[in-house]
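Peer 1: Structure in structure tokens, see below.
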Amino acid sequence: MSDAKPETGETQVPPRTRRGRLRLLLFAAPLLLAIGGAGAAYKFVPGVADRVQALIGGHAKPAAQVADNHPQFIELPEMAVTLPNAGHPRQMRIHLAVELVQAAPANASAEILSPRVYDALLTYLRTLRDGEVDGGLGIDRLRADLYRRLDLVLGPGVLRDVLITSLVLA
């Protein structure tokens, strides 16, 4: 007599192999999560990449260079403007902050607070019509126009962004 097993068409996997795969998955998953978290921290957390490079390369950056990596913001005083509204004027109060590029000249902060900048901004803001500032697209267009005007007044390579920190229409 032969010990032949009847063929059912199914392959039987010993239970030992299933446990081995489960153990491998249980050990690999935390490792993959740790590697993914470290990669995300390296990419998105400020300063982590510099520290890792300093550890790997064996040389640390001077403290002055590390401090320069932070953006420099200058807040402008609040401006109040009356907008023409087909005979029913509306008031607009806007508060801006300007972000400078890292390699901005030393006198850029004094230049941004000059009367020439306020004149350019107020001249533009007074030409706005009712409805031009309404909605998200209007705010984005307002920011872009303010950036363009400041870039013309201050010159290229000084501004990184213009931020609207407060906007009230009444």
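Peer 1: Under 23 Å from the mean Cα position of the chain (by Cα) and either within 30 Å of Arg51 (Cβ to Cβ) or in the same structural domain as Arg51 (by TED's automatic domain parsing) (or both): does that describe Gly157?
Peer 2: Details: under 23 Å from the mean Cα position of the chain (by Cα): yes; either within 30 Å of Arg51 (Cβ to Cβ) or in the same structural domain as Arg51 (by TED's automatic domain parsing) (or both): yes.
Considered against the rule, which asks whether it is under 23 Å from the mean Cα position of the chain (by Cα) and either within 30 Å of Arg51 (Cβ to Cβ) or in the same structural domain as Arg51 (by TED's automatic domain parsing) (or both), Gly157 comes out as yes.
Peer 1: Here is a follow-up. Please enumerate the residues belonging to region 91-134 that are of a type in the set (D, E, K, R) and in contact with a helix residue (DSSP H, G or I) (Cβ under 8 Å, 6 or more places away or on another chain).
Peer 2: As a first pass, look at region 91-134 and keep what is of a type in the set (D, E, K, R): 93, 99, 111, 116, 119, 126, 129-130, 132, 134.
Glu111, Arg116, Glu132, listed by residue number.
Peer 1: If you don't mind, there's one more thing I want to ask. In region 77-122, what count of residues is obtained for those that are loosely packed, with under 14 Cβ neighbours inside 10 Å and of a type in the set (D, E, K, R)?
Peer 2: Final tally of qualifying residues: 4.
Peer 1: How about region 98-170: which helices (runs of 4 or more DSSP H) wholly inside it have at least 1 residues that are at positive phi?
Peer 2: Details: elements: 108-112, 115-125, 135-154.
Passing ranges, in order: 135-154.
Peer 1: Scan region 123-133 for residues that are touching a residue at least 24 places away in the same chain (Cβ under 8 Å) and surrounded by fewer than 16 Cβ atoms within 10 Å (Cβ to Cβ) and report the count. If you could, list the steps in order and put the result at the bottom.
Peer 2: Taking region 123-133 and keeping what is touching a residue at least 24 places away in the same chain (Cβ under 8 Å), we get 124-126, 128-130, 133.
Within this subset, residues satisfying the condition of being surrounded by fewer than 16 Cβ atoms within 10 Å (Cβ to Cβ) are 126, 129-130.
Qualifying residue count for the region: 3.
Peer 1: Somewhere in region 142-157, is a residue β-branched (Val, Ile, Thr) and surrounded by fewer than 16 Cβ atoms within 10 Å (Cβ to Cβ)? Don't jump to the end; show me each part of the working.
Peer 2: In the first step, residues of region 142-157 are kept if they are β-branched (Val, Ile, Thr); the result is 153.
Checking which are surrounded by fewer than 16 Cβ atoms within 10 Å (Cβ to Cβ) leaves us with none.
No; the residues of region 142-157 include none that is β-branched (Val, Ile, Thr) and surrounded by fewer than 16 Cβ atoms within 10 Å (Cβ to Cβ).
The values are calculated or read from the model by the stated rules, or taken from the named source; none is laboratory data. Model, not experiment: these values are computed from the prediction. Backbone-built Cβ (ideal geometry, glycine too); neighbour counts: all protein chains shown.
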